[in-house]
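Everything on this sheet refers to the single structure shown next.
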Amino acid sequence: MLEGVVGRRRTEKTLPRNEKILRSLLDPSALPRHVAVIMDGNGRWAIKRGLPRTLGHRTGVKSLREVVRLSAELGISALSAYAFSTENWRRPPEEVSFLMELFVEYAGKEVEELRRNGVKVRVIGRREGLPARVLEAIQSLEQETKEGGRVTLNLAVNYGSRWEIVDAVKAIAQEVQRGVVKPEEIDEAVISSHLYTAGLPDPDLLIRPAGELRVSNFLLWQLAYTEFYVTPVLWPDFGRVDFLQALITYQQRERRFGGLKGNR
Ligand code: IPE
Ligand code: IPE
Ligand code: MG
């Protein structure tokens, strides 16, 4: 899988920023099947410019649009984007309401392009606690994009991986109680199939902009063998070139899955 790039191995620091050159460095046969993105750094982007944090969030929507577009162009079959965590309720109420409204606006404005690009949206996270307007927007976005066969876009809204695992454990416990599953039948596949990401491969690549070296309660189970890519670029500045750099860097990694080189 890595043969195509080994001879010209470069680190992300030395990768060019020209899209055409980056496209030529990318091996289209070795793309990640599933990319996860923690869309972070919106606040810092705005503060740096003397703007309200909310403008950072608004600008971040553009980055999401570009990343989804490029995923569709390249044929990356799953993308999971972290939009609002179960911990983000700790933010000031005005910021929380802004983010909720921004989601409603996104769902309305993007639906046409998402459909055109063959994107199927699944909103992952807890529905409990979300405002009615957001619930309606989720329902119509999922409904209107359900035929999308090119990219599955998981939008993580009110998402927390520990809650996801708690919900999965509860559902499995109920199945055991009803006699549908025996305790000894519970294995990794059973757990995976009760997570919001059921049916999708685990992420091959996790991108974290804005430089934090943590997962912030995102996809804890699913990231077991994911390659991490952290960049100081703030999410509102993250564009096609940054995404291509992340993909090329991913292709230069040697994945072992606990085995030895070239033997898995
Ligand atoms: C990410 O940007 C968006 C959400 C978490 C909703 P932040 O708002 O966390 O931006 P920083 O980390 O403060 O820069
Ligand atoms: C992670 O970013 C959540 C989202 C991007 C939605 P945070 O800004 O909430 O993460 P921490 O607080 O820095 O860990
Ligand atoms: Mg943040």
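The values are calculated or read from the model by the stated rules, or taken from the named source; none is laboratory data. Here the structure is a predicted model, which is why all the values come from computation and not from measurement. In this analysis, Cβ positions are derived from the backbone assuming ideal geometry, glycine residues included, and neighbour counts consider all displayed protein chains.
Just checking, does region 178-191 include any residue being surrounded by 17 or more Cβ atoms within 10 Å (Cβ to Cβ) and more than 16 Å from ligand 2 (Cβ to nearest atom)? Scanning region 178-191 turns up no residue that is surrounded by 17 or more Cβ atoms within 10 Å (Cβ to Cβ) and more than 16 Å from ligand 2 (Cβ to nearest atom). Residues of region 48-57 include at least one that is within 15 Å of ligand 1 (Cβ to nearest atom) and in contact with a Gly (Cβ under 6 Å, 6 or more places away or on another chain).
Suppose we filter region 134-154 for residues that are over 10 Å from A107 (Cβ atoms) and assigned to a helix (DSSP H, G or I); how many remain? Residues that pass the stated criteria total 2. Would you point out the residue of region 26-48, among those that are within 16 Å of ligand 3 (Cβ to nearest atom) and part of a loop (DSSP other than H, G, I, E, B), that is farthest from R253 (Cα to Cα)? The residue in question is G41. Of the residues R122, R126, R115, R133, which is buried (at least 18 other Cβ atoms within 10 Å of the Cβ) and more than 16 Å from ligand 3 (Cβ to nearest atom)? Step by step, each of R122, R126, R115, R133 is checked, and only R122 is buried (at least 18 other Cβ atoms within 10 Å of the Cβ) and more than 16 Å from ligand 3 (Cβ to nearest atom).
Listed by first and then second residue, the pairs with beta-carbon distance under 8 Å, at least 6 apart or on different chains, first residue in region 226-248 and without any contact (Cβ under 8 Å) to a residue 40 or more places away in the chain, second surrounded by fewer than 20 Cβ atoms within 10 Å (Cβ to Cβ) and among the polar types (S, T, N, Q), are D242/T231.
Residues in region 84-98 that are within 22 Å of R162 (Cβ to Cβ) and within 12 Å of ligand 3 (Cβ to nearest atom): 6 in all. Of all residues in region 62-108, those that are more than 19 Å from the chain's Cα centre (by Cα), more than 11 Å from ligand 2 (Cβ to nearest atom) and not in a helix (DSSP H, G or I) total 1.
Scanning for something among the acidic types (D, E), more than 14 Å from the chain's Cα centre (by Cα) and farther than 16 Å from F218 by Cα, does region 151-170 turn up at least one residue? No, region 151-170 contains no residue that is among the acidic types (D, E), more than 14 Å from the chain's Cα centre (by Cα) and farther than 16 Å from F218 by Cα. Filtering region 49-83 to residues that are within 16 Å of ligand 3 (Cβ to nearest atom) and closer than 24 Å to L205 by Cα leaves H57, T59, G60, V61, S63, L64, A81, Y82, A83. One residue stands out in region 213-238 among those that are of a type in the set (A, V, I, L, M, F, W, C) and not in a loop (DSSP other than H, G, I, E, B): the one that is nearest to ligand 3 (Cβ to nearest atom), namely W235. Only one entry in S77, S71, S63 is in contact with a Ser or Thr (Cβ under 8 Å, 6 or more places away or on another chain), under 26 Å from L223 (Cα atoms) and more than 8 Å from ligand 1 (Cβ to nearest atom), namely S77.
The sole residue among A198, A210, A168 that is touching a Gly at 6+ places or on another chain (Cβ under 6 Å) and either touching a residue at least 24 places away in the same chain (Cβ under 8 Å) or not in a helix (DSSP H, G or I) (or both) is A210. Taken as a whole, the structure places A198 among residues that are at pLDDT 95 or above, under 30 Å from T249 (Cβ atoms), among the aliphatic types (A, V, I, L, M) and more than 16 Å from ligand 1 (Cβ to nearest atom).
The residues in region 192-249 that are surrounded by fewer than 21 Cβ atoms within 10 Å (Cβ to Cβ) and among the basic types (K, R) can be counted, and the count is 2.
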